[in-house]
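Remarks on the structure that follows.
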Amino acid sequence: MVQRPIIIAGPCSAESDEQMDIAIAEASKRRVDFVRTNLWKPRDVPAFDGLGEKGLHLLGQVARAGLNPGLEVLLPEHVTMAMDATLPHLREGGRLLVWIGARNQNHLIQDEIARLAAEDEHVWLMVKNQPWVAEKHWAGILTWVLDAGMPAGRLLNCYRGYTPSYGDKNPEGFRNLVNFEEAMRVKEKTGVPMLFDPSHTGGGVENVFKMGEMAAKYDFDGLIIEVHHDPEHAFTDSRQQLTWPQLDELADKTGVSVKA
């Protein structure tokens, strides 16, 4: 497993050069393994769904600063675009992280994304669990990407909980419900490092802290956290994004150091 917790932090979605300049400056003060630079954002209804190709230069901007960008990819061509925009600018030892999001459950797309990511040793791939409860299905996603040739040493798993169903008890109003024991079973079965997403499980700043502290009792290998310099005016997920000082506070409460 990983030698120290992996930290993925940054805004839910990249919005502008100025916003990412601030994110880069703040991440540079901390130990952040990958800076969120999401360009494609799945949405329930038509709304801001990312800068798309117009934001590809931001990946190079992060890489030139000596940091590693990370983003969700919806289609295989997004992987190619991200690699072309990032790899020439990475410093020695730099990496690009792409991930398959919870809603992306087409195994043909999963397979092709993994095949493309496997082609370059600087590219890591992360897989998020699907929105519904199905341990076998979740482990199966890992099987698909491994069969596509993605080396296990560059593969991460991410637990983001499950969408509440009718009748589920949720007195604290979490965005997604969790079963940490299941996440630990999948980690043990697959042997793939397991990160936790307190942002999408919490759904609000107070609950992000609650989820982070709950997860600290389990053997997770890191965290992926949404962080924005001005959450109130964020284009997406404004309620659940922490400020950078709040990231420091969460790290202290969970025992996961982000000190540079």
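Read-outs: derived from the displayed coordinates by stated rules, not from any lab. Being a predicted model, the structure only gives us computed values, none of them experimental. We place every Cβ from the backbone using ideal geometry, glycine too, and count neighbours over all the protein chains shown.
Selection within the range 7-43: residues that are under 18 Å from A82 (Cβ atoms) and of a type in the set (K, R). The member of this set that is surrounded by the most Cβ atoms within 10 Å (Cβ to Cβ) is R36. Please go through the range 220-260 and pick out each residue that is of a type in the set (V, I, T) and part of a loop (DSSP other than H, G, I, E, B). Selection gives T236, T243, V256, V258.
Scanning the range 170-190 for residues being under 30 Å from R115 (Cβ atoms) and without any contact (Cβ under 8 Å) to a residue 12 or more places away in the chain gives a total of 1.
Restricted to the range 117-166, and to residues there that are of a type in the set (S, T, Y) and not in a helix (DSSP H, G or I), the residue that is farthest from R91 (Cα to Cα) is Y166.
Could you please tell me which pairs satisfy a Cβ distance under 7 Å, a separation of 6+ or placement on different chains, a first residue in the range 151-169 that is over 16 Å from M126 (Cβ atoms), and a second residue that is not in a loop (DSSP other than H, G, I, E, B)? Cβ pairs passing all conditions: Y162/L177; P164/L177; D168/L177.
Contact map, the range 232-253: residues that are charged (D, E, K, R) paired with residues that are surrounded by 15 or more Cβ atoms within 10 Å (Cβ to Cβ) and assigned to a helix (DSSP H, G or I), Cβ distance under 7 Å, separation 6+ or inter-chain. Pairs shown: K253/F209; K253/G212. Could you tell me whether any residue of the range 239-246 is surrounded by fewer than 20 Cβ atoms within 10 Å (Cβ to Cβ), touching a helix residue (DSSP H, G or I) at 6+ places or on another chain (Cβ under 8 Å), more than 22 Å from W40 (Cβ to Cβ) and not hydrophobic (A, V, I, L, M, F, W, C)? Scanning the range 239-246, I find at least one residue that is surrounded by fewer than 20 Cβ atoms within 10 Å (Cβ to Cβ), touching a helix residue (DSSP H, G or I) at 6+ places or on another chain (Cβ under 8 Å), more than 22 Å from W40 (Cβ to Cβ) and not hydrophobic (A, V, I, L, M, F, W, C), so the answer is yes.
Hey, among L74, L67, L97, L108, which residue is in a strand (DSSP E or B) and not small (G, A, S)?
Criteria check complete, one pass: L97.
The number of residues in the range 12-40 being part of a loop (DSSP other than H, G, I, E, B) and over 22 Å from W99 (Cα atoms) comes to 1. Whenever a residue of the range 85-98 is among the basic types (K, R), its partners that are surrounded by fewer than 20 Cβ atoms within 10 Å (Cβ to Cβ) and outside any strand (DSSP E or B), lying with C-beta atoms within less than 7 angstrom and at least six residues away or across chains, give the pairs R91/G66; R95/H122. Taken as a whole, the structure leaves L59 outside the set of residues that are assigned to a loop (DSSP other than H, G, I, E, B), within 20 Å of I113 (Cα to Cα) and in contact with a Pro (Cβ under 9 Å, 6 or more places away or on another chain).
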